[in-house]
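Novice: Before anything else, here's the structure in question.
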Amino acid sequence: MTLFDRIFHLPPAHFLLISPDSYRSQRYWDFDEKKAAGDYDYLHPKETLRSLLEEAVRLQLQSDVAVGTCLSGGLDSSSVVALASSMLSHPMKSFSSVYEEPGYDEGHFVELATAAFRAESHIIHPTSDDFLNTLRRITWHMDEPTAGPGVYSQWFVMQEAHNKVKVLLDGQGGDELLGGYHDYFFPYLLCLWNRFRVGKDPRHLARMAREGLQIWQLVKENFLFMGLRPFAGKLLAKVKARAGASPSPSVFCADFEREIALPEAETRACPSGLADPLSRRLYWDVVRDSIPALLHYEDRNSMAFGIEARVPLLDHRIVEFCLGLSPEFKIRGDRTKFLLREVMSDLLPREIVDRRDKKGYPTPLAIWLRDGLYPEIREFLLSPNLQEPPVFDRNKMDVLLKDHRSGRRDLSSEVFRWVTCKLWFQVFLEGGSAFGGRS
């Protein structure tokens, strides 16, 4: 679905077959566990993944124009820089977004990676200056509201790369293939529990307890909520209520909330062989829940500046091989993306290989919304507009904005969604200009 009636996205891994009398979409790729078992050497997973990574990067470096890389300082983007640099006779151009605010500064890891591979580093330091106008332009290019502030940081990376390169490699996909997010710890522990439940071997229970403790020490208070979130909506709300956690805030008008009908998630069964909870979760994140949206953001942000973004980690062979791996090659204790860390340990700085935090495109919107950006955002969200559809309850918004500013809760991601939604209304429904003012 899209936000426009009778306009639809072509689903991932489908093509559209059009004839004079009709049209239909047809899937051209899906994961096949039996085929993967025959195509890839799972007895030597480290060597297989290294070979697949090298081949994917080599293929996607092919270009008649300058090629660079996005570099966040994380494991995935650093792996792409490392492999690409080993194949080039000149320094790779890297492009990074770095903030100085505490908890958002990845500059140290960016410097480690660029120094290790003698990359030509281009670093941009985005600020909250002209935030709404920039986000208005982003929303116009996206064609729809966006889910989180990482798209804002990514915009500036693409802007910095403009006129310097025409192609950018990015590390998108490693998290969804090899369990890089902390959300994946819970389904991984379910895998260990299922092994104990089936085989009654106490060693599986002991391993679950040992690794569960390691994970708890890393993620602490969000552990249960994080694990249950993908599995059950109403059950999770009850668990959170009993645990004293605040429910996700709703700012919809009562009438709109009663009328809205969200589409049901796709019910197609997972391919045979993906019997364990972690592999099933990763499969759906690759084909439906995460990667399609992230690739949408990357494609629109890059093309806004005339750049072709390429994602070698999402080469279909890497996807197939990783989906067919046993859970312990993806997560082991508190180590996410276990196999990728092993594969890249001889190339990457140890400090990057051993990173346990997960930032992605960190954007200090939470800090900005408690400081200089607050009055502007509050005025924008709460100003009445007769042309705007009756979707949001401004009184609810006001209460939650004050809640965020006080520091009681971090609602920055929610506020970002409200802002991009209202900007979308202005640009696409009210005839506003993507560049401020009226068209």
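The values are calculated or read from the model by the stated rules, or taken from the named source; none is laboratory data. Quick caveat: nothing in here was measured; it's all calculated off a predicted structure. So basically every Cβ, Gly included, is an ideal-geometry build from the backbone, and we count neighbours across all protein chains shown.
Novice: Kindly indicate the residue of region 125-153 that is closer than 25 Å to S290 by Cβ and among the aliphatic types (A, V, I, L, M) and also modelled with the lowest pLDDT among those meeting that condition.
Specialist: Kept after step one, since they are closer than 25 Å to S290 by Cβ, are these residues of region 125-153: 126, 134-135, 137-153.
Those still in the list that are among the aliphatic types (A, V, I, L, M) too: 135, 138, 142, 147, 151.
Details: L135: 97, I138: 97, M142: 95, A147: 91, V151: 96.
Ranking the candidates gives A147 first.
Novice: Output the residue which, of all residues in region 298-357 that are part of a loop (DSSP other than H, G, I, E, B) and in contact with a Gly (Cβ under 8 Å, 6 or more places away or on another chain), is farthest from Y40 (Cα to Cα). Step through it out loud before you land on a result.
Specialist: Of the residues in region 298-357, the ones part of a loop (DSSP other than H, G, I, E, B) are 304-307, 311, 315, 324-326, 330-331, 333-334, 336-337, 345-349, 354-357.
Those left that are additionally in contact with a Gly (Cβ under 8 Å, 6 or more places away or on another chain): 311, 324, 330-331, 336-337, 355.
Details: V311: 21, G324: 9, K330: 16, I331: 20, T336: 22, K337: 19, R355: 28 Å.
The extreme case among them is R355.
Residue by residue, here is whether (1) of a type in the set (V, I, T); (2) modelled with pLDDT under 95; (3) out of contact with any Cys (no Cβ under 7 Å at 6 or more places or on another chain) holds:
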site	(1), (2), (3)
Q62	no, no, yes
S77	no, no, no
V80	yes, no, yes
M87	no, no, yes
M92	no, no, yes
E100	no, yes, yes
G103	no, yes, yes
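Novice: Continuing with the same structure: Quick check on A84: is it in contact with a Pro (Cβ under 6 Å, 6 or more places away or on another chain) and buried (at least 21 other Cβ atoms within 10 Å of the Cβ)? It would help to see each step written out before you state the result.
Specialist: Details: in contact with a Pro (Cβ under 6 Å, 6 or more places away or on another chain): no; buried (at least 21 other Cβ atoms within 10 Å of the Cβ): yes.
Against the criterion (in contact with a Pro (Cβ under 6 Å, 6 or more places away or on another chain) and buried (at least 21 other Cβ atoms within 10 Å of the Cβ)), A84 does not qualify.
Novice: Within region 65-73, identify whether any single residue is at pLDDT below 95 and either within 24 Å of S290 (Cβ to Cβ) or acidic (D, E) (or both), and answer yes or no.
Specialist: Yes; the residues of region 65-73 include at least one that is at pLDDT below 95 and either within 24 Å of S290 (Cβ to Cβ) or acidic (D, E) (or both).
Novice: Testing P375 on (1) surrounded by fewer than 19 Cβ atoms within 10 Å (Cβ to Cβ); (2) modelled with pLDDT under 95, one condition comes back false. Which one is that?
Specialist: Among (1) surrounded by fewer than 19 Cβ atoms within 10 Å (Cβ to Cβ); (2) modelled with pLDDT under 95, the lone unmet condition for P375 is (2).
Novice: Suppose we keep only residues that are touching a strand residue (DSSP E or B) at 6+ places or on another chain (Cβ under 8 Å) and charged (D, E, K, R) within region 310-355. Which one would you say is surrounded by the most Cβ atoms within 10 Å (Cβ to Cβ)? Before you say what the answer is, go through the steps one by one.
Specialist: Initial filter on region 310-355 (touching a strand residue (DSSP E or B) at 6+ places or on another chain (Cβ under 8 Å)): 310-312, 338, 341.
Adding the requirement that they be charged (D, E, K, R) leaves 310, 341.
Details: R310: 24, R341: 19.
Among them, the one singled out is R310.
Novice: Six or more apart or on different chains, Cβ under 6 Å: which pairs go from a residue in region 24-38 that's touching a residue at least 40 places away in the same chain (Cβ under 8 Å) to one that's outside any loop (DSSP other than H, G, I, E, B) and not acidic (D, E)? Could you list them?
Specialist: F31/L323
Novice: Looking only at region 1-23, filter to residues that are among the polar types (S, T, N, Q) and without any contact (Cβ under 8 Å) to a residue 60 or more places away in the chain; which one of those is nearest to L168 (Cα to Cα)? Lay out the reasoning, then the answer.
Specialist: Going through region 1-23, the residues among the polar types (S, T, N, Q) turn out to be 2, 19, 22.
The next check asks that each one be without any contact (Cβ under 8 Å) to a residue 60 or more places away in the chain; those that pass are 19, 22.
Working: S19: 36, S22: 38 Å.
By that ranking, first place goes to S19.
Novice: Something else now. Under 6 Å by Cβ, and 6 or more places apart or on different chains, what pairs join a residue from region 298-321 that is among the polar types (S, T, N, Q) with one that is modelled with pLDDT of 95 or more and surrounded by fewer than 22 Cβ atoms within 10 Å (Cβ to Cβ)?
Specialist: As it stands, the answer is S302/A309, since those pairs meet every condition given.
Novice: Of the conditions (1) under 26 Å from the mean Cα position of the chain (by Cα); (2) in contact (Cβ under 8 Å) with a residue 60 or more places away in the chain, D354 clears all except one; give me its number.
Specialist: Checking D354 against (1) under 26 Å from the mean Cα position of the chain (by Cα); (2) in contact (Cβ under 8 Å) with a residue 60 or more places away in the chain, the one that fails is (2).
Novice: Report every pair of residues separated by at least 6 positions or lying on different chains whose Cβ atoms are under 9 Å apart, first residue within region 171-182 and on the phi > 0 side of the Ramachandran plot and touching a residue at least 24 places away in the same chain (Cβ under 8 Å), second outside any loop (DSSP other than H, G, I, E, B) and of a type in the set (F, W, Y).
Specialist: Close Cβ pairs satisfying both conditions: G179/F185; G179/Y188; G179/F338.
Novice: Taking the condition in contact with a strand residue (DSSP E or B) (Cβ under 9 Å, 6 or more places away or on another chain), crowded, with 17+ Cβ neighbours inside 10 Å and at pLDDT below 95, does K422 pass?
Specialist: Values: in contact with a strand residue (DSSP E or B) (Cβ under 9 Å, 6 or more places away or on another chain): yes; crowded, with 17+ Cβ neighbours inside 10 Å: yes; at pLDDT below 95: yes.
Taking the combined requirement at face value, the residue satisfies it.
Table: residues versus (1) β-branched (V, I, T); (2) touching a helix residue (DSSP H, G or I) at 6+ places or on another chain (Cβ under 6 Å); (3) under 25 Å from S153 (Cβ atoms).
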{"position": "C253", "(1), (2), (3)": "no, no, no"}
{"position": "V286", "(1), (2), (3)": "yes, yes, yes"}
{"position": "P312", "(1), (2), (3)": "no, yes, yes"}
{"position": "C322", "(1), (2), (3)": "no, yes, no"}
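Novice: Within region 384-416, which residues are in a loop (DSSP other than H, G, I, E, B) and modelled with pLDDT of 90 or more?
Specialist: Start the filter on region 384-416 by keeping residues that are in a loop (DSSP other than H, G, I, E, B), which leaves 384-391, 393, 407-411.
Scanning region 384-416 gives D393, G407, R408, R409, D410, L411.
Novice: Does A161 satisfy being touching a Lys or Arg at 6+ places or on another chain (Cβ under 7 Å) and closer than 30 Å to T2 by Cβ?
Specialist: On the way: touching a Lys or Arg at 6+ places or on another chain (Cβ under 7 Å): no; closer than 30 Å to T2 by Cβ: yes.
It is false that A161 is touching a Lys or Arg at 6+ places or on another chain (Cβ under 7 Å) and closer than 30 Å to T2 by Cβ.
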